[in-house]
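A short worksheet on the structure shown next.
The values are calculated or read from the model by the stated rules, or taken from the named source; none is laboratory data. Computed from a predicted model, the values in this text were never measured in an experiment. FYI the Cβ positions are ideal-geometry reconstructions off the backbone, even for glycines, and counts take in every protein chain you see.
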């Protein structure tokens, strides 16, 4: 490789172009910043393996008390209790009192669907067919980047 050529990552664009209609559509449907923060917080909450284990146990059982959740998952009761407090504060689980016991369950069908879809995603086999590429409408020259820059060779720039 010549010194004036840089390596382009496998996920990088090799032919920089913009699809204006697609960009306009995506921008018009983008979530507001505050909503993105909330969505990220929920995924962060669900991203903990212990909390995920508890949620899948609730998905299977429907409703469990802290003692049963701890026994079913092999997680210490104090950890279960702390995790449930966070999940409840984020409206992922709800609780009901029966005497001295608190029973927890998934908050609603959206949470159940999210857990079901996640499990299904982990077990499905990807298809080998790729969608048809979208033809670019307008070509745009890449912006120079500092540091780990992705630049094209002189020959590639000449072809564009």
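Before moving on, here are some points about what is shown:
- For beta carbons closer than 6 Å, sequence separation of 6+ or different chains, a first residue in the range 27-54 that is over 16 Å from residue 81 (Cα atoms) and a second that is surrounded by 10 or more Cβ atoms within 10 Å (Cβ to Cβ), there are no qualifying pairs.
- Just so you know, in the range 37-66 the residues that are assigned to a helix (DSSP H, G or I) and touching a strand residue (DSSP E or B) at 6+ places or on another chain (Cβ under 8 Å) include one that is farthest from residue 115 (Cα to Cα), and it is 66.
- Hits in the range 65-74 (condition: closer than 16 Å to residue 52 by Cβ and touching a helix residue (DSSP H, G or I) at 6+ places or on another chain (Cβ under 6 Å)): 69, 70, 72, 73
- Test: residue in the range 79-97 that is on the phi > 0 side of the Ramachandran plot, loosely packed, with under 14 Cβ neighbours inside 10 Å, at pLDDT 95 or above and not in a strand (DSSP E or B): no
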